[in-house]
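Asker: Sending over a structure as structure tokens; questions will come in a sec.
The values are calculated or read from the model by the stated rules, or taken from the named source; none is laboratory data. None of these values were measured; they are calculated from a predicted model. So basically every Cβ, Gly included, is an ideal-geometry build from the backbone, and we count neighbours across all protein chains shown. Only protein heavy atoms, including side chains, enter the accessible area calculation; ligands, DNA and RNA are left aside. Shrake-Rupley method; radii C 1.70, N 1.55, O 1.52, S 1.80 Å.
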Amino acid sequence: MVKDVAVIGAGMTIFRRRLKETGKEMCFEATKMALDSAGMTLKDVDTVVMGSAPDAFDGIHMKGENLLDGAGGYHKPYMRVFTGGGTGVFAPIAGWWHVASGMSDVCLVVCEEKMSSCYPHPQSAFAHIWDPIIDRPLKPNLMWIFAMEMNRYMHAHNVSKEDIALVAVKNKKNALDHPCAQLGANITVDDVLNSEVIAWPVNLLDVSPPSDGAAAMLLVSEDVVSNHTDNPVWIEGVGWSIDSTMWTNRDLSFPQYVAKAAKMAYKMARIDNPRRQIDVVEPYDPFDYKELHHLEGLLLCDKGEAPVLTREGVTQRDGDLPCCPSGGLLGVGNPIAATMAVKTCEIYWQLSGQAGKRQVPGDPRTGVCQAWGDLMQYGSVMVMRS
Amino acid sequence: MTENIKKFYGEELSRKQISDGKITIVEHSPKVKYAWSCGEAMSRFLNELKEGKLIGRKCNKCNRILFPPRMFCEQCFKATNEWVYIKDTGRIMTYSISYVDTHARRIKKPILVGVIAMDGASKNMGIMHYFDEVKSDKIKIDMRVKAVWKRKEEREGAITDIKYFKPLGE
């Protein structure tokens, strides 16, 4: 029988382009914060899941082993999971199955990324994720695939760059209320459109920054939850799905794999009308168009409708469907796996009423977070309820 | 963050602090080399490129002509059945005008790059490649394009045996 799983605490470091702390030290600070917030110590933890993205950023292969002491893994069942940018929601899914299976009562999930170690720019590490035979001889930049996907999305639904820029404006503004944010700012659509063109149609302010950071959260089983809190948030649905590696063989305008992951999570959470039943959402927003792309993938609106919702203010923090109230990757920062803090942890903080200045109004009870990664092919989705 | 948390950890460093030697760092540049065996499908594909030809593989169950070729169909999950030559013309599915190189260094002359769905392969079966002989304000999705090949003696069995794709000008 599957056990019900609750989130009872979370923590994070600040997100910055470069932090002085090592990966281990960042993990320690985030983990300590999660434990303190739940009134627990490492002794209470049965199992530990570590999430971290490509080893090439840290320059340390077997990064999971390198980080384990900081993540509280000493002398415990410990494993690392990695689904590229999808890790920030997939690592807590892996934590969920540790508890749902009945294997452990308390699972600690820690995510870390230290992109600044790859110097002077982590793009040089991204160059190694491409297929060596057919893609790499063309000397690609990872920015290209986003630019190509954004262009295809704009073409399919006749979406303007102005409408897409509204997402960057919203998320960077939301991030002003986040105490850990790297790039919170009041900017305008014109600021986005006039910022440096990196790879058209992508301008500098369409993109989230490389960041250092760590995040942690504590998952417990229904059997022990009352020992620790009277304000749990329950994980009610999980889903994940991946598309073919042959990314040049599919129409990039719609993320089928996100829709598959969402359907899997919604079925488990008994959600049959996501637009009405979900109160707050944290879609993955490494680029502004990705929030729109993912809202459609999450079946929260029709294909091509997300820009309209954005223009009408529906996705503002006080709108009918608040999207990225944290400030997202665009505003808070993008330490790849550690974006768990602004996706999964944020939905926990929102649903438990702890989000402070970022709190969406109206006592939200059902939230969804989603992450996306690998070579434009991976989606992970979690539904939570309070 | 919970509202109750007053202090968030982390100390920010600037790039200048590193270049000025103001902080303690250690450095290492890994030097490793790889040689990838290209396998059955891609070895044939690359050798055909030397001849100025593009080749795909057909799956007799879903009847798709897969390009780039592979020895198995990932959807039917069975071995593919036959080699099929496809054309060196196609249609632009999407593109970008890039002002950054592979190391995120800024470049003056932009790279035009995109995905081309090839004629003779199944729907949406494309490859990534460059475009040229087209101005960046004239390139369009759905534009018909044709491969521009290196001269035969310059070809080496690589995707770069095609220099770029240019508008067909139909």
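Asker: With axes computed from alpha carbons, what is the tilt in degrees of helix B:39-50 against the longest principal axis of chain B, rounded to the nearest 10 within 0 to 90?
Answerer: 70
Asker: A further question on this structure: Can you list the lysines whose alpha carbon sits under 21 Å from that of residue B:22, skipping same-chain ones fewer than 8 residues off?
Answerer: A:20, A:114
Asker: Hey, what do the phi angles of the range A:293-310 turn into as Karplus ³J(HN,Hα) couplings, whole Hz, using 6.51/-1.76/1.60 and θ = phi - 60°, x for Gly and Pro?
Answerer: In residue order, the calculated couplings are 4, 6, 4, 6, x, 7, 6, 8, 6, 6, 4, x, 8, 4, x, 5, 4, 5 Hz.
Asker: Then there is this: Enumerate the amide H contacts of residue B:13 below 5 Å, restricted to partners 5 or more residues apart or on another chain; note that Pro and chain-start residues carry no placed amide H.
Answerer: Amide H neighbours of residue B:13: A:18, A:19, A:20.
Asker: Throw me the Rg/Rh for the range A:326-386, computed over C-alpha atoms with Kirkwood Rh, two decimals.
Answerer: Across the range A:326-386, the Cα-based Rg/Rh ratio is 0.99.
Asker: I've got another one for you. For residue A:128 and residue A:231, what is the calculated FRET efficiency with R₀ set at 35 Å and r taken between the beta-carbons, to the nearest 0.05?
Answerer: The computed FRET efficiency comes out at 0.20.
Asker: Continuing with the same structure: Using r as the Cβ-Cβ distance of residue A:224 and residue A:363, and R0 as 25 Å, what FRET efficiency do you calculate, to the nearest 0.05?
Answerer: My answer for the efficiency is 0.45.
Asker: Within the range B:1-57, list the GluC sites (Glu not before Pro) lying in a DSSP loop whose Cβ has at most 10 other Cβ atoms in a 10 Å radius.
Answerer: Here the GluC sites (Glu not before Pro) that fit, given the DSSP loop and packing criteria, are B:27.
Asker: Find the centroid of the Cα atoms in the range A:140-194 and in the range A:21-43, then give the distance between the two in whole Å.
Answerer: 32
Asker: Could I ask something else about it? Quote the relative contact order of the range B:39-167 in percent (integer), defining contacts as alpha-carbon pairs under 8 Å separated by 6+ residues.
Answerer: For the range B:39-167, the relative contact order is 24 percent.
Asker: Moving on. Among the GluC sites (Glu not before Pro) in the range A:141-206, which ones are in a DSSP loop with at most 12 other Cβ atoms within 10 Å of the Cβ? Mind listing them?
Answerer: Answer in residue order: A:196.
Asker: Follow-up question, since we're still on this one. What residues of the range A:108-130 lie in the reach of a label at residue B:23, counting those whose backbone N is under 11 Å from a point 7 Å from the Cα along Cα→Cβ?
Answerer: Answer for this model: A:116-117.
Asker: Using a/c under 1.5 as the rounded threshold, could you call the range A:172-309 rounded, prolate or oblate? The axes a ≥ b ≥ c are square roots of the C-alpha gyration tensor eigenvalues, and prolate needs a/b larger than b/c, oblate otherwise.
Answerer: Taking the square roots of the gyration eigenvalues as a ≥ b ≥ c, the range A:172-309 is oblate.
Asker: Pick out, from B:60, B:77, B:141, the residue whose Cα sits farthest towards the positive end of the charge dipole of the range B:39-167, with +1 on the Cβ of Lys and Arg and -1 on the Cβ of Asp and Glu.
Answerer: Among B:60, B:77, B:141, the one farthest towards the positive end of the dipole of the range B:39-167 is B:141.
Asker: If you place +1 on the Cβ of every Lys and Arg, -1 on the Cβ of every Asp and Glu, and leave all else neutral, what size is the dipole of the range A:174-281 about its Cα centre, to the nearest 20 Debye?
Answerer: The calculated dipole for the range A:174-281 is roughly 560 debye.
Asker: Restricting the calculation to Cα positions, tell me the Rg (one decimal) and the Dmax (whole number) of the range B:39-167 in Å.
Answerer: 15.6, 48
Asker: While we're on this one: Pull the list of chain B cysteines that no other Cys approaches to under 4.7 Å, Cβ to Cβ.
Answerer: B:38, B:62, each lacking another Cys Cβ under 4.7 Å.
Asker: Give me the one-decimal nm value for the distance between modelled label points at residue B:153 and residue A:119, 7 Å along each residue's Cα-to-Cβ direction.
Answerer: Once both label points are built, they end up 4.8 nm from each other.
Asker: Determine, at each q value in 0.13, 0.18, 0.20 (inverse angstroms), the log₁₀ of I(q)/I(0) that the Debye formula gives when each Cα of the range A:40-172 is one equal point scatterer.
Answerer: Log-scaled intensity ratios, in q order: -0.76, -1.04, -1.12.
Asker: Count the net charge of all other residues whose Cβ sits under 13 Å from the Cβ of residue B:94, scoring Lys and Arg as +1 and Asp and Glu as -1.
Answerer: Around residue B:94, the surrounding residues sum to +1.
Asker: Another question about this same structure. Obtain the radius of gyration and the Kirkwood radius of the protein assembly as shown from its C-alpha atoms and give Rg over Rh.
Answerer: Result: Rg/Rh = 0.98.
Asker: Which one, A:348, A:262, A:252, projects farthest toward the positive side of the charge dipole computed for the protein assembly as shown from Cβ point charges (K/R +1, D/E -1)?
Answerer: Looking along the dipole axis, the top candidate is A:252.
Asker: Additional query: Show that you can apply the helix-only estimate: for the protein assembly as shown, add -39,500 (n - 2.57) for every DSSP H stretch of four or more residues, divide by all residues, and state [θ] at 222 nm to the nearest 500.
Answerer: So the calculated ellipticity at 222 nm is -7000 deg cm²/dmol.
Asker: Taking the alpha-carbon distance from residue A:43 and a cut-off under 16 Å, which lysines remain once sequence neighbours fewer than 8 residues away in the same chain are dropped?
Answerer: Filter leaves A:32, A:76.
Asker: What shape does the range B:1-68 take by its C-alpha gyration tensor, where a ≥ b ≥ c are the square roots of the eigenvalues and a/c under 1.5 counts as rounded, a/b above b/c as prolate, and the rest as oblate?
Answerer: Oblate.
Asker: So for chain A, averaging the separation of alpha carbon pairs under 8 Å that are six or more residues apart and normalising by length, what relative contact order in percent results?
Answerer: 26
Asker: Further question on the same structure: To make sure I understand the rule: partners must be aspartates and glutamates, Cα under 19 Å from the Cα of residue A:357, and not fewer than 8 residues away in the same chain. Which ones qualify?
Answerer: The reachable aspartates and glutamates, counting only those whose Cα sits under 19 Å from residue A:357, are A:177, A:279, A:282, A:318, A:320, A:346, B:3.
Asker: Got a number for the accessible area of residue B:36? Probe 1.4 Å, square angstrom, nearest 10.
Answerer: Taking all protein chains as shown, residue B:36 has close to 120 Å².
Asker: With a sphere of radius 10 Å drawn around the Cβ of residue A:185, what net charge do the other residues whose Cβ falls strictly inside it have (Lys, Arg +1; Asp, Glu -1)?
Answerer: +1
Asker: Can I ask one more? Just how far, in whole angstrom, is the range A:71-138 from the range B:106-170 if you go by their alpha carbon centroids?
Answerer: Between the Cα centre of the range B:106-170 and that of the range A:71-138, the gap is 35 Å.
Asker: Rounded to the nearest 20 Debye, what is the dipole magnitude of the protein assembly as shown about its Cα centre when Lys and Arg each give +1 and Asp and Glu each give -1 at the C-beta?
Answerer: Charge dipole, the protein assembly as shown, about its Cα centre: 1780 debye, nearest 20.
Asker: If R₀ is 22 angstrom, what is the calculated FRET efficiency for the pair residue A:139 and residue A:244, using the beta carbon separation as r and rounding to 0.05?
Answerer: The pair residue A:139/residue A:244 has a calculated efficiency of 0.40.
Asker: If the only charges are +1 at each Lys and Arg Cβ and -1 at each Asp and Glu Cβ, what is the size of the charge dipole of the range B:39-167 around the Cα centre, to the nearest 20 debye?
Answerer: Dipole about the Cα centre, nearest 20: 280 debye.
Asker: Count the net charge of all other residues whose Cβ sits under 9 Å from the Cβ of residue A:279, scoring Lys and Arg as +1 and Asp and Glu as -1.
Answerer: Charge balance near residue A:279 sits at 0.
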